[in-house]
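Read the structure below first, then the notes.
The values are calculated or read from the model by the stated rules, or taken from the named source; none is laboratory data. Since this is a predicted model, take the numbers as computed values, not measurements. For neighbour counting, all protein chains shown are included, and Cβ atoms are generated from backbone atoms with ideal geometry for every residue, glycine included. To get the accessible areas, we keep the full protein, side chains included, count just its heavy atoms, and leave off ligands, DNA and RNA. Shrake-Rupley method; radii C 1.70, N 1.55, O 1.52, S 1.80 Å.
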Amino acid sequence: MNHTLTDVHRMFAECFPEPEIHAYAWLLSRRQAEGHVCIGLDEPMALQTENPYPVSTPEDLMTITRLVGRPGEQKPFIIDGDRLYLHRHHRYETRIVDRIRNMTINGAARAAERRAMLEAQAGLIRSLGAYYALEGLSDAERIDWQLVAALNALTDDFSIITGGPGTGKTTTLAKLLRILYACQPEARVALAAPTGKAAMRMLESLKRTASTYPDDVRQRIEALKPSTLHRLLGWQKGTVEFKYNAGRPLEFDFVVIDEASMVDLPMFSKLLDACGERTRLVLLGDKDQLASVEAGSLLGDLCLASDGGDLNGFEPATAGWFNGFITAPARQITAAHHRDKTGPLSGRIVELRLSHRFRAQGDIGRISRAIIAGDVDAVKAMADEVSNPEVTFDTSADEAQLEAFIMGYESYIKEPDPKMAMEKLNQLRVLVAVREGPRGLHAVNRRIEQMLQSRGLLPKGAEFYHNRPVIVTQNNYELDLFNGDVGITRKVGERFRVWFEGQDGQMRDVPAASLSHCETVFAMTIHKSQGSEFDQVLVLLPEGTDTPILTRELLYTGVTRAKKKVLLQAGIDTLLHTTEQRVRRISGVQQRLSR
């Protein structure tokens, strides 16, 4: 070998004894580090550019090496159509496609029985209809998609409810549970999310919505115990397998997964395996958010697999059945949303269209829509505006603007009560795109510490210090702490302890010395911020346009973490370049489901 030990893609490629596969293994390793599930064999430029190995033509792969096989063969690499996979990723994707097909077939077979149960609760269902004012709304926003989504999920075995911030995904879930418990009072329900924070937020939102429900329903909802996906499936120390699987399925009638855009390929495959033949699965999430850190972009792929991404389309008879529960004609599904069924996910995905958090004319709503649409002209126009009450653009990344923002942390630092301090800490956050560099995570956290130290708000010179905010970076099942959990360090006597909010909403503390995997969290990466909300965020992008991670999905995710105010620090060229770039992860899910 004539390369360094840090060249992991070459190290991976040269694990295989046949040199004919090295060019493909090298590119596959690179692509998977970027989140792709496979590579397209119709990408000759990708195979040639910077590839350190001679490239054989894709047509020759099956004949010149014994390491490549077809689906079903036990070979390290699998060719399926025009895509090349590692065997394990092809196996995961195959399980996902097959399981979803089976669930949609089973759901269709039970649809008539379930519709009859729902029709028996028609009065209740109609009472849960939308009541917001229709003035100024588009035709698509007028429709009561929340009620449609709840009914859709209750009639099928597999469904997706997607929508941007404030569109009411959790409110829709509350309506779903209200109806479910009326039809099946003893239904067993599981709530889960990729992170403990997201799981806890889901239950908090459900409790708020359910506070007006009858006591028996409210008590059932409050008794639900949301968990991480790892805990739901039964994490087992020392193995990548889980307690619950195809041979030992979950004992639930209904499984709901929030923040589904964060679920990667292997985890999604194992989740589907663990769903029993009578289990209904509902995915909640924002299809436009960042995909998982690991390989795959399942939520986005599945939404694209439904009629090419044309969501909210239903066969006329199905639309008519939904409309029977929507009392106001102006809120009913119109003929513009009638579609012929063309695939297994057709009519099984509902996108909530009306944001109740971001007004159509509000600045955060305007900028988030412009970003995800790739509308650079609209973004530039907003950046040129003199005054935006909700969104401030700082194209010079003024240090004084950063310092003024982070002085908001003074509130939690001076709060003695840990629970109140946590609430105040979570009112604001600095969000960065990258970990390294002058505008990266480590440098920005250090600058913030120095600013607060210069004001006498933090002590100097120690790794752990009084009021240090930390984020857990690796699951710790012994301490019941999970990747993404945020805590506040407090000195008790001569020792430091870190306070976390539990899934029951109660504060608990652990010795600081027991946290071997944690970081300071005045600033956090946009990836880590998924599943969180703050009153105010400062989004800081690196300089230049040569950072591959800068995409509209990243910027959209960062901006939409804010409920009230955004300060966006980025050069105008960087901002517009980021708005133009899209996340494009290669997988076969859409094509294979559409076959």
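Those residues that are within 18 Å of Phe254 (Cβ to Cβ) and open to solvent by 60 Å² or more (accessible area, probe 1.4 Å), I need them from the range 230-241; list them, please. Answer for the range 230-241, where residues must be within 18 Å of Phe254 (Cβ to Cβ) and open to solvent by 60 Å² or more (accessible area, probe 1.4 Å): just Arg231. Of the residues that sit in the range 206-234 and are under 24 Å from the mean Cα position of the chain (by Cα) and among the polar types (S, T, N, Q), which one is farthest from Gly484 (Cα to Cα)? Out of the qualifying residues, it is Thr209.
Within the range 13-32, can you find the residues that are touching a residue at least 60 places away in the same chain (Cβ under 8 Å) and either among the basic types (Lys, Arg) or part of a helix (DSSP H, G or I) (or both)? Of everything in the range 13-32, those that are touching a residue at least 60 places away in the same chain (Cβ under 8 Å) and either among the basic types (Lys, Arg) or part of a helix (DSSP H, G or I) (or both) turn out to be Tyr24, Arg31, Gln32. Taking only the range 276-304 into account, find how many residues are part of a helix (DSSP H, G or I), of a type in the set (A, V, I, L, M) and open to solvent by less than 10 Å² (accessible area, probe 1.4 Å). Number of matching residues: 3. Note on the range 474-529: enclosed strands (runs of 3 or more DSSP E) holding 2 or more residues that are of a type in the set (A, V, I, L, M, F, W, C) and at pLDDT 90 or above are 486-492, 495-501, 507-511, 523-525. Taken together, His466, His517 contain a single residue that is under 22 Å from Glu410 (Cα atoms), touching a Ser or Thr at 6+ places or on another chain (Cβ under 8 Å) and open to solvent by 50 Å² or more (accessible area, probe 1.4 Å), which is His466.
Asn445 fulfils the conditions (1) assigned to a loop (DSSP other than H, G, I, E, B); (2) surrounded by 14 or more Cβ atoms within 10 Å (Cβ to Cβ); (3) touching a residue at least 24 places away in the same chain (Cβ under 8 Å) except for a single criterion, (1). Tell me which residues, restricted to the range 382-410, are open to solvent by 50 Å² or more (accessible area, probe 1.4 Å), over 16 Å from Gln569 (Cβ atoms) and in contact (Cβ under 8 Å) with a residue 12 or more places away in the chain. Pro389, Glu410 - these are the residues of the range 382-410 that are open to solvent by 50 Å² or more (accessible area, probe 1.4 Å), over 16 Å from Gln569 (Cβ atoms) and in contact (Cβ under 8 Å) with a residue 12 or more places away in the chain.
Residues of the range 202-229 being open to solvent by 50 Å² or more (accessible area, probe 1.4 Å) and either aliphatic (A, V, I, L, M) or closer than 26 Å to Met267 by Cβ (or both), which ones? Correct list: Glu204, Ala223, Lys225. Here the helices (runs of 4 or more DSSP H) wholly within the range 138-240 that include at least 1 residues being within 19 Å of Leu299 (Cα to Cα) are 145-155, 169-183, 196-210, 229-233.
Can Arg142 be described as within 28 Å of Ser594 (Cβ to Cβ) and of a type in the set (D, E, K, R)? Considered against the rule, which asks whether it is within 28 Å of Ser594 (Cβ to Cβ) and of a type in the set (D, E, K, R), Arg142 comes out as no.
Scanning the range 557-580 for residues that are in contact (Cβ under 8 Å) with a residue 60 or more places away in the chain, assigned to a helix (DSSP H, G or I) and over 20 Å from the mean Cα position of the chain (by Cα) yields a count of 4.
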